[in-house]
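This report concerns only the one structure given below.
The values are calculated or read from the model by the stated rules, or taken from the named source; none is laboratory data. Computed from a predicted model, the values in this text were never measured in an experiment. Every residue, glycine as well, gets a Cβ built from its backbone with ideal geometry; the counts of neighbours run over all protein chains shown. Side chains included, ligands, DNA and RNA excluded: accessible areas come from the protein's heavy atoms. Shrake-Rupley method; radii C 1.70, N 1.55, O 1.52, S 1.80 Å.
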Amino acid sequence: MKTAEKGERIAKVIARAGVCSRREAEKIIESGAVTVSGKRIVSPALNVMPGDEICVHGKKIPQPEEKRLWLYYKPLGIVTTHKDENGRKTVFESLPKYLPRVISVGRLDLNTEGLLLLTNNGELSRHMELPSTGWKRRYRARIYGLDSPDTLKKLANGVTIDGIKYGSVEVVLEKEDRIARNIWAMITLTEGKNREIRKVFEHIGCKVSRLIRVSYGPFQLGNLKPGEVKEVQRKVLLEQLGSDS
């Protein structure tokens, strides 16, 4: 049976329209805020057809736009969410007004700065977050309390902290000839769990006092300054993501 004949999962369609991520769409559906051709649904286990009218919070979802991607230098002290229960300033409140509605590819926590990818397409966001892409995340970190470079060997094969397994962490010190109270290093991960870098360094008795993401897969922070946004050219996006983009 052809895909067009059996339709597509509703959460995927909502995400492709740029309303939110697929995961968030599933939560919105379960909350009862979605209708399909006038009928309210509460389960994401539904395939919809091209002619179905889908409304979220009473508004018809837009037609999918061409997939776009932006590089954003997330400053310190703002959270990667659309709304914060604690009243903190968010990434999406801080973006230039000329941008369309966008969602982030993954997150950076409050005290991490640097490269955050933004897209108008939820499916593209989900695809880029998957560990199966094999994309490396690179960070520049200022580390306090490292007594010896040999201590970093403990991270090479991954560590388990409070029952959670963290994968291999590659660390290259910027000044390998000496250990100072504070030293800068380049850190590479393949999959980034919540606060992973800070947790694994605390595990070996160190503290990360500053953390800047400088790249995500093939996309680089470059010369962006905090708060600046730069769109990835369509040609580059196609080259890096292939036909799926």
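Brief remarks on what is shown
- For region 129-171, residues that are open to solvent by less than 70 Å² (accessible area, probe 1.4 Å) and assigned to a strand (DSSP E or B) total 8.
- In region 192-209, of all residues being buried (at least 16 other Cβ atoms within 10 Å of the Cβ) and not β-branched (Val, Ile, Thr), the one that is nearest to LEU155 (Cα to Cα) corresponds to PHE201.
- Output for region 89-113, where each listed residue is under 21 Å from ARG213 (Cα atoms) and among the charged types (D, E, K, R): LYS89, GLU93, ARG107, ASP109, GLU113
- Selection of strands (runs of 3 or more DSSP E) fully inside region 1-86 by the criterion of at least 2 residues being of a type in the set (Ser, Thr, Tyr) returns 69-74.
- You will find that of GLU113, GLU65, the residue that is touching a Pro at 6+ places or on another chain (Cβ under 9 Å) and at pLDDT below 85 is GLU65 and no other.
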